[in-house]
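*Asks:* Here it is, the structure in full.
The values are calculated or read from the model by the stated rules, or taken from the named source; none is laboratory data. Note that the coordinates shown come from a computational prediction; the quantities given were computed from them, not determined experimentally. Methodologically, a virtual Cβ is constructed for each residue, glycine included, from the backbone with ideal geometry; neighbour enumeration extends over all protein chains shown. Surface areas here come from the heavy atoms of the whole protein model, side chains and all, with no ligands, DNA or RNA. Shrake-Rupley method; radii C 1.70, N 1.55, O 1.52, S 1.80 Å.
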Amino acid sequence: MPARGTVSFEGVSLDYRLYHDRTVSLMETFLNLFNRRTRVELFRALDDVTFRVQPGQSVGIVGPNGAGKSTTLKLLAGIYRPTSGVVESVGRKASLLDLGVGFHPELTGAENVFLNGALLGLDRQRMRELLPSIAEFSELERFMDIPVKYFSSGMFMRLGFSLATSVDPDVLLIDEVLAVGDASFQQKCYDRIMGFQGTGRTIIFVSHDMEAVSRLCERVIWLNDGRVVMDGGPDEVIGSYVSQTSRPASTGTVDRSEWGTREVRFESVEVRNESGVPSRRFRPGQPIVVDADIVSSLRGTTDGIVFGFSLHRPDGQTVLGTNNLELNRPLLKVDDRLKATLSIDLQIAEPGEYLMGLALTDPARNRDYHWLDYRFRITLLGERKERPVVLRQAKWECRE
Amino acid sequence: MLRRLSRLLLLMQSLVSKELKVRYKRSVLGFFWFLLKPLFSMVVYTIVFTQIIRFGGEIRHFSLFLLTGLLPWNFFSGSLSASTKSLLDNHRLIRSVYFPRVSLPMANVAANAVNLLLSLIVLETALIAFGHTPGFSLLVLPVAMLMFILMTSGICMMLSVWNIYYRDVSQLMDVLLLAWFYASPVIYPLGRGIVPEGLESVLRLNPLSGLMEIFHSILHQGAWPEPWCWASLIVWSVVLFFLGIAVFRRAEPAVVKEL
């Protein structure tokens, strides 16, 4: 018996049956007995995949949509059985695939915790011990005796996350669910997952967020069309994955487009160096400073504004893109006018021509206020190194 | 094996208590509905079969006779209609956590069995009050109930997976249950000349016939059931239970992807 937390795939394949016409009914099947037309096609989601993860390893799985990432997680969670091959994942699994899905709206938070514990194979005694810590982590101590149908979606997810990670898992399966609750709770979730590292727990993390994968994982598996393309260290695999996937856009010029609702918009933007001189050429160690005049046509004060920037190669390939939300810097608040200064300190590994884009958004309200795609042409000077750019620090300073 | 079984039982226990809690939440009469429902249908059938179509008159305390059939029937039909949709209703859960899925249809059966047991206790009290003193045969009623539960579980397991492939199953069940009700000796007895002889030998093949006769004779007559009733119940419950398990286990991996 391998150690708890061991995860392995041995020549695993999995087929889905795809119905080209989903209206399968008894009548149609009956008719099909007479005229045999197969509308069913087998789709191979995973094809002979083999890998082995030692207990305590954190492994990221990356790849385009439909590559088989989620299928891999479902196999590891024991939800699917492979069509052929052997899947092994030893020990208790916590799957963060769909949070709070087992909750019944009419039951209280505490009752749901017991029910979900039973789904995971934990008895009431064990759950009774865990309940206080689950309530505390989710910050729902006062609400545990209220039916969860009165919970906000954030509270629901918080309870789900807290429960899934409290059961002392040996294997943690995460599918891009870190967008739980507000920014501070997201940080808490992230911290908890980071805390699992180095405690002998195995983490399998599926994400499209390369930044998160490289921070969390010590090994990355790149899947494409159900096969392993590459398996190795995060820098190496993510590097190849990113450059491979963005290659198709390498011909032609990119559009300098400007879009968004413009309820909050950039009125004017000036790119300068730190000594206040407008500039488009930056030496290593010299921050790029962006002075932005932001105006709002919305009534009252608009807060929670995310100010993002991105850098692209001349062909449009993104080399860096982040914002104040992602970097845990204060979000912007504007009454009707705001001067904001963004200062970007880069470590330049690949000097050359770049395009810089800026954006004002509010992901919490699902708003794209103003995007300036590929707007500013910037030259980064210095010696050529392996990675094009590495962000050292970004700062936002605001003056009303 | 033993650990898997204890996990299954723990899960079933939680699902059943959820089921019962949710079912009677926010209703004034709450738990008493499990008694009120069969009582209402008893009143209706009593009026129909003693006043409109006169055949119930020959049976002593016809209303009580009806209840000894209606209670197990309600358990049966309630389990079937609930469990047919049980996998489909929980598709998100099934696709995001692993747990023994067979617990879903089984929990529906178990929740209904709790109702059956409680209502039978009340019925037995009423029967004694009306002078239907139980015989020693009452001691074997739990055995009959257990076999009945196994039989019902088997059917429920099959229906829950078939309904994934063909949604028609749950529609069909409504109609089928109506026919099944009249084809089973729930509101009429067998072997008393009420049903024509040729028809009666066909009706005896119905998986529910033996069981219903056992309930009637033990509870209403306080007598020992006829041997054919036991043969029918044992054969049908063993066949249907193991068939149910086999169908469910075979279909489970594919069904999960199908949901």
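*Asks:* Hey, could you check the range B:193-227 for residues that are modelled with pLDDT of 90 or more and of a type in the set (Gly, Ala, Ser) and say which is surrounded by the most Cβ atoms within 10 Å (Cβ to Cβ)?
*Replies:* For the range B:193-227, the residue satisfying everything is B:Gly210.
*Asks:* Could you name every one of the strands (runs of 3 or more DSSP E) located completely within the range A:69-186 that has at least 2 residues being among the β-branched types (Val, Ile, Thr), open to solvent by less than 30 Å² (accessible area, probe 1.4 Å) and away from chain B (no Cβ under 11 Å)?
*Replies:* Correct list: A:171-175.
*Asks:* What single numbered condition from (1) closer than 30 Å to A:Asp123 by Cβ; (2) in contact with a Ser or Thr (Cβ under 7 Å, 6 or more places away or on another chain) fails to hold for B:Lys18?
*Replies:* The one condition B:Lys18 does not meet is (2).
*Asks:* Moving on. Working only within the range A:296-340, note down all residues that are within 19 Å of the chain's Cα centre (by Cα) and open to solvent by 20 Å² or more (accessible area, probe 1.4 Å).
*Replies:* Correct list: A:Ser310, A:Thr318, A:Val319, A:Leu320, A:Gly321, A:Asn323, A:Leu325, A:Glu326, A:Leu327, A:Asn328, A:Arg329.
*Asks:* Kindly indicate whether any position in the range A:377-385 is surrounded by fewer than 16 Cβ atoms within 10 Å (Cβ to Cβ) and part of a strand (DSSP E or B).
*Replies:* yes
*Asks:* Limited to the range A:276-295, what total is found for residues that are buried (at least 16 other Cβ atoms within 10 Å of the Cβ) and under 13 Å from A:Asp345 (Cβ atoms)?
*Replies:* Qualifying residue count for the region: 6.
*Asks:* Here is a list: A:Val254, A:Val242. Which entry is at pLDDT below 90, among the aliphatic types (A, V, I, L, M), open to solvent by less than 80 Å² (accessible area, probe 1.4 Å) and assigned to a loop (DSSP other than H, G, I, E, B)?
*Replies:* From the options A:Val254, A:Val242, the qualifying one is A:Val254.
*Asks:* Testing A:Thr202 on (1) more than 27 Å from A:Pro64 (Cβ to Cβ); (2) crowded, with 22+ Cβ neighbours inside 10 Å, one condition comes back false. Which one is that?
*Replies:* Among (1) more than 27 Å from A:Pro64 (Cβ to Cβ); (2) crowded, with 22+ Cβ neighbours inside 10 Å, the lone unmet condition for A:Thr202 is (1).
*Asks:* Here is a further query. Inside the range B:19-137, counting only helices (runs of 4 or more DSSP H) that do not spill past its ends, which hold 3 or more residues that are open to solvent by 10 Å² or more (accessible area, probe 1.4 Å) and touching a Leu at 6+ places or on another chain (Cβ under 7 Å)?
*Replies:* Counting at least 3 such residues, we get B:33-47, B:62-84, B:103-129.
*Asks:* Within the range A:3-26, can you find the residues that are within 12 Å of another protein chain (Cβ to nearest Cβ) and modelled with pLDDT of 70 or more?
*Replies:* A:Leu14, A:Asp15, A:Tyr16, A:Arg17, A:Leu18
*Asks:* Moving on to the next point. Give the residues of the range B:162-179 that are in contact (Cβ under 8 Å) with a residue 60 or more places away in the chain and more than 14 Å from chain A (Cβ to nearest Cβ), sorted by residue number.
*Replies:* B:Asp174, B:Leu177
*Asks:* What residue, among those in the range B:4-18 that are without any contact (Cβ under 8 Å) to a residue 40 or more places away in the chain and either open to solvent by 80 Å² or more (accessible area, probe 1.4 Å) or farther than 27 Å from A:Asn116 by Cα (or both), is farthest from the other protein chains (Cβ to nearest Cβ)?
*Replies:* That would be B:Leu5.
*Asks:* Have a look at A:Asn116, A:Asn112 and point out the one that is under 16 Å from B:Val22 (Cβ atoms) and within 26 Å of the chain's Cα centre (by Cα).
*Replies:* Answer to the check: A:Asn116.
*Asks:* Of all residues in the range B:172-192, count the ones that are of a type outside the set (Ser, Thr, Tyr) and over 16 Å from B:Ser217 (Cα atoms).
*Replies:* If we filter the range B:172-192 for residues that are of a type outside the set (Ser, Thr, Tyr), which is where we start, we get B:172-181, B:183, B:185-187, B:189-192.
If we keep only those that are over 16 Å from B:Ser217 (Cα atoms) as well, we get B:172-181, B:183.
Number of matching residues: 11.
*Asks:* Somewhere in the range B:148-160, is a residue open to solvent by 40 Å² or more (accessible area, probe 1.4 Å) and free of Cβ contacts under 8 Å to residues at least 40 places away in the same chain?
*Replies:* The answer is no, given that none of the residues of the range B:148-160 is open to solvent by 40 Å² or more (accessible area, probe 1.4 Å) and free of Cβ contacts under 8 Å to residues at least 40 places away in the same chain.
*Asks:* Against the conditions (1) open to solvent by 10 Å² or more (accessible area, probe 1.4 Å); (2) assigned to a strand (DSSP E or B), where does A:Met356 fall short? Just the number, please.
*Replies:* It fails just one condition, (1).
*Asks:* Another question, then. If I ask for residues that are farther than 11 Å from B:Leu219 by Cβ, in contact (Cβ under 8 Å) with a residue 40 or more places away in the chain and among the hydrophobic types (A, V, I, L, M, F, W, C), which ones from the range B:118-135 would you list?
*Replies:* Selection gives B:Leu118, B:Val122, B:Phe130.
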